[in-house]
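Since the structure comes first, as structure tokens, the remarks are kept for the end.
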Amino acid sequence: MFDLLGVPPQVLFGQLLLGLINGSFYALLSLGLAVIFGMLNVINFAHGALYMIGAFVAWLLLTKLGLGYWWALGLSPLIVGLLGVALEKTMLSRLYKLDHLYGLLLTFGLALIMEGAFRHFYGVSGQPYPIPDALKGGQNLGFMFLPNYRGWVVVASLIVCFGTWFAIERTRLGAYLRAATENPVLVQAFGINVPVMITATYGFGVALAGLAGVLAAPIYQVSPLMGTNLIIVVFAVVVIGGMGSILGAIVTGLGLGLLEGLTKVFYPEASNIVVFVVMAIVLLIKPAGLFGRER
Amino acid sequence: MPDGATVKTAMLEIRDLQAFYGESHVLHGVNIDVRQGEVVTLLGRNGAGKTTTMRSIMGIVGKRNGSIRFQGKELIGMAQHKIPRLGIGYVPEERGIFASLSVDENLMLPPVVKSGGMTVPQIYELFPNLQGRGTTQGTRLSGGEQQMLAIARILRTGADLILLDEPTEGLAPVIIEQIGVAVRKLKQRGFTIVLVEQNFRFAATIADRHYVMEEGHVVDMIPNDQLAQNMDKLHTYLGV
């Protein structure tokens, strides 16, 4: 087989796949953050914790109720979404008239409480979650081996991301959402119930985090800290893509995952910081982010 | 005209309307009546409370009390998003064209609240400038076209009372003319229109009656056919 810049292709493609998987999670999570930020102007620090809860709900459904992966894929985002609706209704909605910082502080506090609670009950060591039978095994693509489950994660994430993009950019409901993001008072004056839209948007955004949690459960272990580890990078992704930009979140999420993968091949020492280096450069050159609009 | 109009039913009755933005008390007992099919203007200097009166009707001020009855229904205390659903269309001063929506999306945004609204071809007939611009970003239209779009999107909804806040502000005379023609056609179609205007000449060409506002209340009402006799008074009110 040929070598690329002295790197065996199996290593290169292996890392690119890993990057694509990480990128899929970045994209799903930063998409939820972008949708929420666009509509609520809240930087949802609880996003990582809700992703973790998504994974835990899947694990609990399996171990307590015997409901497997496919059940979890539907139920867990629903449960996390309803939890989000409850949080928005009872707490976040009281803060909209105050400075945005209060929303950030509230969600940060909520994240600490949720993670603390799960740590208390389940400890910090991860719980294993099995790959569903239908997605065990893998494909030999010639140049690399592709585990079925990882392929599924990439495909599922792409479908959900672009489905969300389509719903927001190309449908009537999405037009309401974009309009309400821009001028909620006027949209309300056309007879649309904006507070309900805001609640639903938060619920949907965190449901995406819950879905990412279920997808992640068989790959990473189900652990109370799984969200904390990921969310810092996801925030960097959102900043690079441009706060509130839907397409920016998706493209940047996948792109940075791949970039991380490549960095692991060619200069592994930098792989943990490459995202933040990119963030610093983007902030210097284009402060609103690659896809962001200057406000 | 006022004699003929009195037999028509009252569409909007505003009584002792008080409105507040935070601590500041902006409207101090506004009384206005609008009958079905009338075009009524609110005249007055900047800060007299004309826009606030409109925003109070739509329920988008900080706090309001008194009474606003639309077709007999009390609007004060009603949930904000229910007010337009009774058939009131609002065209704000800043026009409110959405930058993230195309012209078509802007046009189709406000939900239909009643049957009998204008169809899209009828709207294009009224505002030919908008035709063929559907995929353009809303805010890329000229100021006049944005104003037409802001009016057009309300006509689709079936609203029978239209609140127009300074539709001629910042527009070229030829565009103002076009807007005037459109407003007269809307009156012929039976729409009831409340118009806030600084451009008194424009108002005189389309309105049945003029309410003059000063410092948060109505100080005078002048029927359009008695305008000539009242010009001196009006000049003092408006400070022109």
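Distance between the modelled labels on A:Ala270 and B:Ala79, one decimal in nanometres: 5.5 nm (7 Å Cα→Cβ projection). So which lysines can B:Lys50 reach, going by Cα to Cα under 29 Å and dropping same-chain residues fewer than 8 places off? Straight-distance partners of B:Lys50: A:Lys97, B:Lys8, B:Lys63, B:Lys73, B:Lys82, B:Lys114, B:Lys185, B:Lys187, B:Lys233.
Express as a percent, rounded to the nearest 5, the fraction of DSSP beta bridges in the protein assembly as shown (both residues included) that run antiparallel. Antiparallel bridges make up about 60 percent of those DSSP assigns within the protein assembly as shown. Put the Cα centre of the range B:76-137 next to the Cα centre of the range A:121-187 and the gap is 35 Å. In this Cβ point-charge picture (+1 for Lys and Arg, -1 for Asp and Glu), chain B has a dipole of about 660 debye about its Cα centre.
Antiparallel beta bridges, as assigned by DSSP with both residues in the range B:2-238, represent about 60 percent of the total such bridges. Screening chain A for DSSP H helices whose Cα atoms reach 18 Å or more along their own axis and whose mean Kyte hydropathy is at least 1.0 gives A:9-40, A:47-65, A:69-90, A:194-216, A:226-241, A:246-266. Of the peptides B:130-141, A:29-40, A:241-252, the order by per-residue mean of other Cβ atoms within 10 Å, starting with the highest, comes out as A:29-40, A:241-252, B:130-141.
Computed from the Kirkwood radius of its Cα pairs, the Stokes-Einstein diffusion coefficient for the range B:2-238 at 10 °C and 1.306 mPa s stands at 88 µm²/s. Shape class for the protein assembly as shown: prolate, because the ratio a/c of the largest to smallest gyration tensor axis (alpha-carbon atoms, square roots of eigenvalues) is 1.5 or more and a/b beats b/c. Dipole size of the protein assembly as shown about its Cα centre, with +1 on Lys/Arg Cβ and -1 on Asp/Glu Cβ: approximately 880 debye, rounded to the nearest 20. Distance from the Cα centre of the range A:223-257 to that of the range B:177-240, in angstrom? Using only Cα atoms to place each centre, the spacing works out to 55 Å. Between B:Ile193, B:Ile32, B:Ile151, the residue with the greatest mean-square fluctuation in the GNM of chain B (Cα pairs under 10 Å linked by springs) is B:Ile32. Within the range A:11-165, the percentage of alpha carbon pairs spaced more than 29 angstrom apart rounds to 28%.
Short-range pairs are left out: with C-alpha atoms under 8 Å and at least six residues apart, the relative contact order of chain B is 27 percent. Using C-alpha pairs under 8 Å with a sequence gap of at least 6, the mean separation divided by the residue count of chain A gives a relative contact order of 38 percent.
Readers should treat all values here as calculations from the given coordinates under stated rules, not as data from a laboratory. Just so it is clear, the model here is predicted, and its values are computed rather than measured. Neighbour counts are summed over all protein chains in view; Cβ atoms, including those assigned to glycine, are modelled from backbone coordinates with ideal geometry.
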